[in-house]
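Report on one structure; see the data block that follows.
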Amino acid sequence: MAGHSKWANIKRQKARVDAVKGKTFAKISRQIIIAARNGVPDPAGNFQLRTAIENAKAAGIPNDNIERAIAKGSGKLAGDNLEAIRYEGYGPGGIAILIEALTDNRNRTAADLRAAFNKRGGNLGETGCVGWMFEQKGVVTVKAPPPASKKELPVIDEDDLLEASLEGGAESYELISLEDDIPGAEVFTDPTNLEALTQALKDRGYLVIQAEPRWFPNNSVEVSDPAQASDLLRLMDALEDLDDVQSVTANFEMSDELMSLSMA
């Protein structure tokens with residue numbers, strides 16, 4: 001899976017202002033509502049809900065907000081009639097883009113997406129136009145367990161990670177650097193095996209910071225033109241900033257240097 005997470009890595013490194021944090025709260029709250037609606041409202045018996053709650057707590061969402069979202073999803077409180085929709089389109093240079101949204105108004109969401117594409121050299125396509133270029137994987141993100149001594153630095157033991165991953169039914173893994181340069185890893189599996197892998201890694205002492213299904217391109221296009229790179233990254237940002245959008249995935253790769261220059 002090497003090279004797949006360039007955009008994800010950049011997003012982790014970008015500074016987040018309060019407005020963006022507020023949007024993060026809203027997106028995770030919607031995940032909780034959908035999870036509670038699609039299964040039992042008890043996280044002990046609903047892995048999707050349990051994962052959404054863990055993500056909410058990691059993002060600093062207050063417990064009252066979490067409980068209110070669960071209540072909306074379970075029907076105890078009036079809430080938006082949210083539905084999950086996948087949109088597809090093309091970025092500058094024909095880059096394939098896959099978007100997942102949670103919305104209570106399809107017309108509004110489609111109009112917002114179309115405007116974002118049109119203003120930045122892309123276009124919103126028909127369902128199925130690029131979806132075949134992507135596959136979904138379950139991804140468990142872990143960070144190194146705390147060292148035995150405060151004088152030691154946290155490390156990922158690759159032999160142990162490999163063994164734990166295989167025991168949990170993983171397909172592969174990739175070492176990453178988390179905030180404050182703490183070593184971590186992303187472990188990949190079939191989406192249906194996400195819960196089992198998460199539990200297996202926890203049982204081996206790994207600190208799971210996120211578990212989610214995620215889309216990956218089957219093949220990537222190398223972007224080397226600075227103008228295209230700039231337009232493409234602006235489009236990705238504009239799409240992710242839309243309130244209804246939960247995730248954006250594209251099939252591009254570019255050098256760290258070009259990405260840094262394009263985002264300057």
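Couple of notes before you dig in:
- Using only side-chain charges placed at the Cβ, +1 for Lys and Arg and -1 for Asp and Glu, the dipole size of the chain relative to its Cα centre rounds to 1100 debye.
- Rounded if a/c under 1.5, otherwise prolate or oblate - the chain, Cα gyration tensor axes: oblate
- Contact order, relative form, for the stretch 50-109: 22 percent (alpha carbon pairs under 8 Å, 6 or more residues apart, mean separation divided by residue count).
- Length-normalised contact order for the chain - Cα pairs under 8 Å, 6+ apart - percent: 21
- Selected from P217, P92, P62 as most flexible by GNM, with the chain as the system and alpha-carbon contacts under 10 Å: P62
- Theoretical FRET efficiency, 1/(1+(r/R0)^6), r = Cβ-Cβ of E222 and E158, R0 35 Å, to 0.05: 0.80
- Spin-label model distance (nm) - D180 vs R106, 7 Å beyond Cα toward Cβ: 4.6
- CD proxy at 222 nm, helix term only [per DSSP H run n ≥ 4: -39500 (n - 2.57); per residue of the chain; nearest 500]: -13000 deg cm²/dmol
- With both labels modelled 7 Å from their Cα along Cα-to-Cβ, the N63 to S260 distance reads 4.4 nm.
- Its relative contact order, with pairs defined as Cα atoms under 8 Å and 6+ residues apart, puts the stretch 134-216 at 47 percent.
- For Y173, residues with placed amide H under 5 Å, excluding near neighbours: F188
- Counting 0.36 nm for each residue step from E135 to S172 and taking away their Cα separation leaves a gain of 11.8 nm.
- Gain in span if fully extended, K150 to N118, counting 0.36 nm per residue against the direct Cα distance: 6.3 nm
- Centroid-to-centroid separation of the stretch 103-143 and the stretch 208-264 [C-alpha atoms, Å]: 12
- If only the Cβ of Lys and Arg carry +1 and only the Cβ of Asp and Glu carry -1, the dipole of the stretch 134-216 around its Cα centre is close to 280 debye.
Read the figures in this text as sums done on the coordinates, not as results from a lab. What you see is a predicted model; the values in this text were computed from it and never measured. For neighbour counting, all protein chains shown are included, and Cβ atoms are generated from backbone atoms with ideal geometry for every residue, glycine included.
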